[in-house]
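To start, the structure itself, in structure tokens.
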Amino acid sequence: MNQVIAPVRQGALLDRVASALEGMRPSERLVGEFVLRQPNQVIDLPFGELAQRAGVSQPTVARFCTALGFSGLREFKLRLAKSLARGVPMADGVPFVHRDVQPGDSAAEIGAKVFDRSIAALVTVRNHLDPAAIAAAVDALRKARRIEFYGLGNSGIVALDAQHKFFRLGVATAAHSDPHVHAMAASMLGPGDVVVAISGSGRTRDLIRSVEIARETGATVIAITVANSPLAQASDIAVLADVPEDPDVYAPMTSRLAHLAIFDVLAVGVAIARGPELAERLQRAKAVINEKRFDDL
């Protein structure tokens with residue numbers, strides 16, 4: 001059964017419902033799909049009528065709420081109402097910083113909301129990672145003669161972090177966030193080289209053009225991006241991170257965290273695949289770093 005997504009995600013709870021559908025029983029999924037189609041109606045519907053409209057029994061509605069971590073329908077509806085109210089755009093620009101945070105929130109509430117959304121995004125990506133794509137990416141990176149990481153803006157920072165992880169694995173690496181530079185760099189690659197292109201939208205023209213140039217030279221391209229995007233389609237291997245990110249937010253947060261976590265997975269996978277020889281290299285590097293630290297007092 002195809003997952004039904006609400007036309008507009010108005011709050012974090014709807015994202016949580018959508019990400020949980022795949023792991024639910026078919027009957028519980030019917031309830032979730034109805035919630036995503038008609039979230040505002042759900043708030044006012046009595047228990048029995050909600051079950052009837054979703055085409056399930058009342059116990060199924062109760063199990064759906066429990067599966068999401070709520071004590072019952074009453075608590076779920078209260079949280080849903082709050083979530084929908086918080087999703088309304090506001091003129092003072094707070095949603096442009098973080099979609100869940102509201103004016104007047106305390107420091108504790110801000111911290112909880114930012115962490116909750118980050119955790120939910122990481123769990124969503126973890127549950128939907130394609131093991132075959134991860135294995136193919138690890139194999140390509142393990143064999144690479146040279147690895148280059150390309151990204152623009154926020155993704156350029158992720159590219160730098162990835163380069164910092166992978167240079168310690170004993171392979172030549174570089175990170176480029178300037179579109180002119182990574183286009184030129186891509187033109188000088190060849191078979192045996194790997195480009196890892198990072199984009200939260202997968203629709204950045206300059207990045208996709210650099211990927212096309214890299215493939216023309218014979219390099220392998222791994223994309224860290226969203227499904228069905230031009231970047232995913234232009235790559236040899238696509239590791240997908242479909243994180244709900246509000247396009248009105250000026251500084252995307254959750255997609256960046258998901259991309260960083262994916263690079264951790266890939267780096268660990270490559271380290272294990274390269275075996276004892278790499279372990280000796282890492283031990284030497286660690287010894288050099290230890291020389292630069294004061295002893296414990």
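Of all residues in the stretch 117-136, those that are under 16 Å from residue 226 (Cβ atoms) have Cβ atoms under 7 Å from Cβ atoms of residues that are open to solvent by 60 Å² or more (accessible area, probe 1.4 Å) and outside any helix (DSSP H, G or I), 6 or more apart or on another chain, in 128/242; 130/240. Please go through the stretch 205-230 and pick out each residue that is among the polar types (S, T, N, Q) and open to solvent by 40 Å² or more (accessible area, probe 1.4 Å). Result: 220, 228. If I filter the stretch 20-73 down to residues being closer than 28 Å to residue 121 by Cβ and among the charged types (D, E, K, R), which single residue comes out as nearest to the chain's Cα centre (by Cα)? My answer is 22. Among residues of the stretch 192-204 that are without any contact (Cβ under 8 Å) to a residue 40 or more places away in the chain and open to solvent by less than 10 Å² (accessible area, probe 1.4 Å), those with a Cβ under 9 angstrom from a residue that is part of a loop (DSSP other than H, G, I, E, B) and of a type in the set (S, T, N, Q), sequence gap 6+ or separate chain, pair up as 202/228; 202/229.
If you check 121, 20, 62 for being at pLDDT below 85 and open to solvent by 20 Å² or more (accessible area, probe 1.4 Å), only one passes: 20. Could you check, for the stretch 222-242, whether at least one of its residues is touching a Phe, Trp or Tyr at 6+ places or on another chain (Cβ under 9 Å) and either on the phi < 0 side of the Ramachandran plot or modelled with pLDDT of 95 or more (or both)? Yes, there is a match, as at least one residue in the stretch 222-242 is touching a Phe, Trp or Tyr at 6+ places or on another chain (Cβ under 9 Å) and either on the phi < 0 side of the Ramachandran plot or modelled with pLDDT of 95 or more (or both). Note down all Cβ pairs under 9 Å where the first residue falls in the stretch 103-114 and is within 16 Å of residue 82 (Cα to Cα), the second is open to solvent by 80 Å² or more (accessible area, probe 1.4 Å) and among the acidic types (Asp, Glu), and they're at least six residues apart or on different chains. That search, which allows pairs on different chains as well, returns 103/92. Considering (1) modelled with pLDDT under 90; (2) over 22 Å from residue 242 (Cα atoms); (3) touching a Ser or Thr at 6+ places or on another chain (Cβ under 9 Å), the lone condition that residue 40 does not fulfil carries the number (3).
In the stretch 129-148 there is at least one residue that is open to solvent by less than 60 Å² (accessible area, probe 1.4 Å) and modelled with pLDDT under 95. Scanning the stretch 248-278 for residues that are open to solvent by less than 50 Å² (accessible area, probe 1.4 Å), modelled with pLDDT under 85 and either more than 17 Å from the chain's Cα centre (by Cα) or among the aromatic types (Phe, Trp, Tyr) (or both) gives 275, 278. Among the residues of the stretch 67-83, those identified as in a helix (DSSP H, G or I) and exposed (fewer than 14 other Cβ atoms within 10 Å of the Cβ) are 74, 75, 78, 82. Residue by residue through the stretch 158-171, note down the ones that are open to solvent by 10 Å² or more (accessible area, probe 1.4 Å) and at pLDDT 95 or above. Of everything in the stretch 158-171, those that are open to solvent by 10 Å² or more (accessible area, probe 1.4 Å) and at pLDDT 95 or above turn out to be 160, 161, 163.
The values are calculated or read from the model by the stated rules, or taken from the named source; none is laboratory data. Just so it is clear, the structure is predicted and the values come from calculations on it, not from any experiment. In this analysis, Cβ positions are derived from the backbone assuming ideal geometry, glycine residues included, and neighbour counts consider all displayed protein chains. What goes into the accessible areas is simple: the full protein's heavy atoms, side chains included, and nothing from ligands, DNA or RNA. Shrake-Rupley method; radii C 1.70, N 1.55, O 1.52, S 1.80 Å.
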